[in-house]
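The values are calculated or read from the model by the stated rules, or taken from the named source; none is laboratory data. None of the values given here were measured: they were computed from a predicted structure. Every residue, glycine as well, gets a Cβ built from its backbone with ideal geometry; the counts of neighbours run over all protein chains shown. Just so you know, the surface numbers come from the protein's heavy atoms only, side chains and all, with ligands and any DNA or RNA stripped out. Shrake-Rupley method; radii C 1.70, N 1.55, O 1.52, S 1.80 Å.
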Amino acid sequence: MGYTDYSVEHSPTATALDYTTSLEAEVERTKHHTYYGDDSPEKSPKGSGPKKDLAGPASSIEHSDSIIVTWDGPDDPENPKNWSFGYKWFITIICSLLTLNVTYASSAPSTASFAISSQFHSSTEESYLVTSMFLVGYVFGPMFWGPGSELVGRRPAMIFTFAIYTILHLGQALAQDMKTVIITRFFAGFFACSPLTNSSGVIADIWDPVYRGIATSVFSTTVFLGPVLGPVISGYIVVSHLGWRWVFWVMMIFADFCTALGAVFIPETYAPVLLAKKARNATTASRLRALDPEKNKNLYAEGEKIDWAPRAFLDRTILRPIRMLFVEPILLLITVYISLVYGVIYAMFEAFPVIFVRIHHFTIQHDGLIFIGVGIGSVIATLANIWLLRPYPRLLKEWRGFPPPEARLPSAMIGGPLLAISIFLLGWTGNYESVPWYVPALSTIPLGASISLVFMSCLSYLVDTYLMYSASAFAANTMMRSIVGAAFPLFTVQMYEGMGVNWASTLIGGFSLLLAPMPFFFYKYGPRIRANSQFAPCMVRSFFFVRGSSPYHLEAIDLS
């Protein structure tokens, strides 16, 4: 068992682990894989005063004789980053499956909404809320489940919430009025967003930078395959003898399976929680105290020093994602871009029936099949993103374990312009009955590919930028994009009917085109922006920045 004498290495005057004063120290810190967020002592750049972390009050070390528990060296098998390659992928696939489940649940009732409103004699506008209220739940849930996982651990945050989400399907399947459906859909979304928020944290916990991008690509694919599968499957259920209630029963059966799978196989991956458990282990503590009773009497893990005062707890959970959103330009702008892309996905749930049912006279179940093109595009995007990440092993070596996060952006630089082109193509070919149906249908393939490329790239960029704060960053991102995703279905049909399919698509495509240069902007200026970040513990955090034609040809410059 590893431990660090705070009286030597963590004293206020020590610099051995001060990652803001040297690249070597940052590399050394990463070797031990111990990130604790705002509950660990915050160091200051050379020549500056004490730095206050916006996530909460800076911690102070009061007991110089305390011993902090760390890993047993860089090869400690209990460290999640040292788990076997196959086991890491097993965990990643399970987290992705949970994400697939909740994103499937977000869109599956969209095809059944008119049947539900017809049985309960509700208005058309109320039927849109069946999809939107689930996404409204996504807005509020991340404030608790993302930062909460950084307090109690990833596993309890995911398993507890998923179990509640599963039970809430009963209220939807057995509902006797529209209000019950809408209310239970909100609370289902509130609990269901936990895998969306925390899977990124799990990926950051277990993967090194070489495979982190690939793992994020696989995870991001399920974010889109779920909404794609929803209309395809539920479209056939609604028109069958089963009826709309079986849309929710199927969702519940799927959720039951995922809950059991997660409860059995998802381990705890968050380092502070694991180290705290290690420090409390009676056998280990007794052994160390037997070796040196005086020195090891105050054995503890850094994660145990968390301040549980109400104000500090509020700061770390609900307020941190919101604060990060407003003080981190990278997070804010990436969130704006992803929110638009996310809105496009849910706009298509309402736009496709206008294009393919009203104009091209498809049935409901055949309209759902159009989403297969989006799924095909997502798979193509995953393979393309993996291919674009080929230089990462070389970058990891050249940058001593810290490739710049901007190296994740080429996929978004391709996906951004392609997204705008795809929306224009869908709108202007889908607007005319004389144009064969397969022409707008084929445009959904580049549409799905472009959406996935932007998501994979930008989410990987956020993970690499914020590392131990990635769950909080994802919480802020999920909240904002869910607001947009919830809003789009409420006006999409009216917009497409009022403006026409061609001009409504042109409007959405125009906004996409306006935001397409954003990845190029961060590709060039991201290092400078991160240098002033309060939450980005990357090597350019304090006084390093990079120059060169691209992140593949960069050099670090000490500006101190």
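Roll a 1.4 angstrom probe over the protein heavy atoms and tell me the percent of accessible area of the stretch 70-115 that is carbon or sulfur. Each step should come with its number before you reach the end.
Working: 1030 of 1510 Å².
Its accessible area is 68 percent carbon and sulfur atoms.
For Ala260 and Arg280, what does the FRET efficiency come to when R0 = 22 Å and r is the distance between their Cβ atoms, rounded to the nearest 0.05?
So the FRET efficiency works out to roughly 0.15.
Determine the per residue accessible area of the stretch 138-243 with all protein chains present and a 1.4 angstrom probe, expressed in square angstrom.
29 Å²
Between Thr124 and Asp72, how many nm apart are label points set 7 Å from Cα along the C-beta direction?
Distance between label points: 6.7 nm.
Using a 10 Å cut-off on Cβ atoms, rank the peptides 174-183, 405-414, 479-488 from the highest mean neighbour count down.
Result, highest mean Cβ count within 10 Å first: 405-414, 479-488, 174-183.
Taking only the C-alpha atoms, wrap a convex hull around the stretch 317-449 and report its volume per residue in Å³ as a whole number.
141 Å³
Which whole-number value in Å² is the accessible area per residue of the stretch 332-447, probe 1.4 Å?
The answer is 38 Å² per residue.
Determine, from the Cβ-Cβ distance of Arg528 and Gln494 and an R0 of 45 Å, the FRET efficiency 1/(1 + (r/R0)^6), rounded to the nearest 0.05.
Details: r = 43 Å, r/R0 = 0.95.
It comes out at approximately 0.55.
Please give me the summed charge of the neighbours of Ile355: other residues whose Cβ is under 13 Å from its Cβ, Lys and Arg +1, Asp and Glu -1. Please report the intermediate quantities before stating the final value.
On the way: positive: Arg358; negative: Glu350, Asp367, Glu433, Glu497.
Combined, the nearby Lys, Arg, Asp and Glu give -3.
Contour minus end-to-end for Glu398 and Leu514, with contour as 0.36 nm per residue of separation and end-to-end as the Cα-Cα distance?
38.3 nm
Just order 136-147, 494-505 by mean Cβ neighbour count inside 10 Å, highest at the front, would you?
136-147, 494-505
Just how large is the dipole of the stretch 68-191 about the Cα centre, in debye to the nearest 20, putting +1 at every Lys and Arg Cβ and -1 at every Asp and Glu Cβ?
The dipole of the stretch 68-191 has a size of about 200 debye.
When the accessible area of the stretch 397-463 is split by element with a 1.4 Å probe, what percent falls to carbon and sulfur?
Percent of accessible area from carbon and sulfur atoms in the stretch 397-463: 72.
Whose amide H sits under 5 Å from the amide H of Thr70, counting only residues 5 or more places off or on another chain, with H placed in the peptide plane?
Gly2, Tyr3, Thr4
Net charge within 15 Å of Met252 by Cβ-Cβ distance, Lys/Arg positive one each and Asp/Glu negative one each, not counting Met252 itself?
Spelling it out: positives minus negatives among the neighbours equals +1.
Given Cα pairs under 8 Å that are at least 6 residues apart, what percent is the relative contact order of the stretch 325-448?
Computed over the stretch 325-448, the figure is 33 percent.
I'd like the Karplus ³J(HN,Hα) series for the stretch 197-206: coefficients 6.51, -1.76, 1.60, θ = phi - 60°, whole numbers in Hz, and an x wherever there's a Gly or Pro.
Per residue, the Karplus-derived 3J(HN,Hα) values read 7, 8, 4, 5, x, 4, 4, 5, 5, 10 Hz.
Short version: ³J(HN,Hα) in whole Hz for each residue of the stretch 516-523, in order, from phi by Karplus 6.51 cos²θ - 1.76 cosθ + 1.60 (θ = phi - 60°), x for Gly and Pro, what are they?
The phi angles translate into 4, x, 4, x, 5, 5, 5, 4 Hz.
Ile322 to His241: extension gain in nm, 0.36 nm per residue of separation minus the Cα-Cα distance?
24.5 nm
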